[in-house]
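To start, the structure itself, in structure tokens.
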Amino acid sequence: MTSSVDGDPVPPTTYDHGGGVRSLRVPIPDNPLGHTLVYVVDTDRGPVLVDTGWDDPASWDALTAGLTACGTSVTELYGVVVTHHHPDHHGLSGAVREASGAWIAMHAADGAIVRRTRSTRPARWYAYMTDKLVAAGAPEEHVAPLRTARRRAFPGLSPALPDREIEPGELLDLPGRRLRAIWTPGHTPGHVCLHLEETHPDRLPGHGRLFSGDHLLPGITPHIGLYEDPDDATVTDPLGDYLASLERVGRLSAAEILPAHQYAFTDAPSRVRELLAHHEDRLAGLRELLAEPLTPWQLAERMEWNRPWEQIPYGSRNIAVSEAEAHLRRLVKLGHAEAVTGSEPVTYVAV
Ligand SMILES: [Zn+2]
Ligand SMILES: [Zn+2]
């Protein structure tokens, strides 16, 4: 935010978290999330970014201006550590590398998604999405636009290939710092949190600080849908992955969480407990809805969202169905629901 209305104080675009860590607010155009918090971590070889922000000229300007306000410059950057492949985190990584020669590090599972996004023809993606939605029980009027959209190209989706793999449990190449990768799949298959294993600059109780990406946020539950892969039919359990990752992160007892959206916060274990309870309640609620057999689409229509189903826009409905499917996977895995034999499209019922 750079303008002020009626003399309100302008929120700072950069913030010094102490101990050689600062954050920049990089705007996400036309998105209710508002901005990505990009972190600048000083090292003996130059600053390293944790995430970069959305690929948009205004976001690039905010990033470069923020770096200048921090007393450095994009050309000084030594590396980029990406928490996950989503465009609000990885969008500007390519431009940063071009301006600075910095390396880009990402977990292999998200690196594979980047490679696939770059190489998959739009027609194949649309066909894959169409088949998936039909199988989930989506009505024809929802699927029809995808059938006709097949020939259209995706707008500028060519995410940067990473140069380095983030190895779970390993320290990253940040000379003079101790930053360890914690693999936290769920929101994406290769999401990582990054544990700065250093005493908190204000000596807050706990173990260091955690860059949590989208995995652990103070006031938002991250979207957990199916991992999309046209070339892989493995039955994954992203919600199960996410819940296990949450427990892993809670056990670190970090003194402070530095998330990629909203604001920094403390007492991670209680936020983790809150999120685990939220998902437990949600799964219990869905199990009740499954007293009658439902397709994933019908389940999504009946689930609680931030507004009535009729008001949910087209693209968000696809995300909602993916989320319903992730919950069904979890319920099936727990033995709390099963597919009805012979149903077409497949329906699920509580057991
Ligand atoms: Zn994300
Ligand atoms: Zn995000």
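Every number here is computed from the coordinates shown, using simple stated rules; none is lab data. Just so we're clear, the structure is a prediction, and the values are computed from it rather than from any experiment. Backbone-built Cβ (ideal geometry, glycine too); neighbour counts: all protein chains shown.
Select from segment 165-271 those GluC sites (Glu not before Pro) which occupy a DSSP coil region and have at most 11 other Cβ atoms within 10 Å, ordered by residue number. Walk me through the numbers on the way to the answer.
Working: sites: Glu165, Glu170, Glu197, Glu198, Glu228, Glu247, Glu256; in loops: Glu170, Glu197, Glu198, Glu228.
Passing both the DSSP loop test and the Cβ count: Glu170.
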Just need the relative contact order of the chain here, percent rounded to a whole number, with Cα pairs under 8 Å and 6+ apart.
12
Project the alpha carbons of segment 48-190 onto their principal axes and report the range along each, largest first, in whole Å.
56, 35, 21
Here, chymotrypsin sites (Phe, Trp or Tyr not before Pro) of segment 300-342 satisfying both criteria (DSSP loop; at most 15 other Cβ within 10 Å) are Trp305
Hey, got the dipole for segment 198-249? About the Cα centre, +1 on K and R Cβ, -1 on D and E Cβ, debye to the nearest 20?
480
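Counting other C-beta atoms within 10 Å, and keeping those with at most 10, which DSSP coil trypsin sites (Lys or Arg not before Pro) do you find in segment 153-227? If you can, show how the numbers build up before the last one.
Numbers: sites: Arg164, Arg177, Arg178, Arg180, Arg203, Arg209; in loops: Arg177, Arg178, Arg203.
Passing sites in segment 153-227 are Arg203.
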Dipole of segment 30-188, positive direction: furthest Cα of Cys70, Leu171, Gly94, with charges on the beta-carbon
Gly94
Alpha carbon Rg of the chain, scaled by the compact-globule rule 2.2 N^0.38 Å:
1.03
Mean separation of Cα pairs under 8 Å and 6+ residues apart, divided by the residue count of segment 1-144: what relative contact order is that in percent?
16
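Tell me the relative contact order for segment 168-309 as a rounded percent, counting alpha carbon contacts under 8 Å between residues six or more apart.
Values: 220 pairs, mean separation 27.6, N = 142.
Worked out over segment 168-309, it gives 19 percent.
Scanning the chain for helices, which whole DSSP H stretches are 24 Å or more long along the axis (Cα) and average -1.0 or more by Kyte-Doolittle? Don't jump to the answer; show the numbers that get you there.
Details: long enough: 268-289 (32 Å, -0.57); 314-333 (29 Å, -0.42).
Length and hydropathy pass: 268-289, 314-333.
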